[in-house]
Amino acid sequence: MKMATKLAALLVAAFGVGMIRGAVAEDVPKRGGTLTYLIPTDSLPSFDGHRERTFATAHTATPFYSLLIEVNPENLSSTTDFVCDLCTAMPQPTDNGTTYTFKIRPGVKFHDGATLTAADVAASWNKIVFPPPGVISTRQSNYSMIDKIEAPDSETVVFHLKFPTTAFLPALADPMGWIYEKAKLDQDPHWYEKKHRRHRPLQVRRLRGRPVHQGRAQPGLLPPRPPLSRRLHRHLRR
């Protein structure tokens, strides 16, 4: 009887340990896999996140681009908690709150191997804040506090404000403030309306004949969020 009782106790203990280990294992995220995401629209007006406000463009292309800064992904409800995406550290403003100097992460690549530099960041934000003639920037009015944006070297971007304001960082963390390649913008300021030039590790493959965008993991770029091997965006026909 005592032996049976001890055996039962051991089995219960073993079962409990197994449950704990199982729970711990379930808490560990698994890398890879495919996320299929349905977007209820026939097609995109364009691929340019600086131009468009539609969810179709945002949901399709956001995973392929990085930002200078973003709202802390671990604290999305905050209006003051910002973290770097392409910068190395959140800067302290100087010149009585009118100058913000960002250092850019080294070694970030576009999917074709081109190195992302501060010039790309400055060119992208100049396109948003001071769009050239004929180029639409739907969020331009959010940046009336900005006087000038410059890249004094390959790792530094400086934003000069007309006046100090707490509205600057929230505006800079806009999730559509995608960073483009300066060379492509110099070639054609409308280039990104029709094409992608990415630096997240999901490389776009547009499948012809079907309204589907496919992104595959590409090693050597910024870490994917979430850690997928592939992402499919299916545009539903009406």
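A few points about this structure:
- Taking the range 112-185 and dividing mean pair separation by its residue count, relative contact order in percent (alpha carbons under 8 Å, at least six apart): 40
- For Thr156, the residues whose amide H sits under 5 Å from its own are Ile104, Ala118, ignoring neighbours fewer than 5 places away on the same chain, with H placed 1.01 Å from N.
- Measuring against 27 Å, Cα to Cα, the residue pairs Lys103/Lys148; Lys109/Lys195; Lys103/Lys194; Lys162/Lys184; Lys103/Lys182 contain Lys103/Lys194; Lys162/Lys184 as the ones spanning a longer distance.
- What the phi angles of the range 161-175 give under the Karplus curve with 6.51, -1.76 and 1.60, with θ = phi - 60°, is a coupling list of 9, 6, 7, x, 7, 6, 7, 5, 4, x, 5, 5, 8, 3, x Hz, glycine and proline written as x.
- Under 5 Å, built H, 5+ apart or other chain: amide partners of Phe82: Asn72
- Database remark: amide H of Thr99 closer than 5 angstrom to the amide H of Thr94, Leu161 (H placed geometrically; neighbours at sequence offset of 5 or more, or on other chains; Pro and chain starts carry no H).
Taken together, the values in this text are just the output of simple stated rules run on the coordinates, not laboratory data. Quick caveat, the model's predicted, so the values are computed rather than measured.
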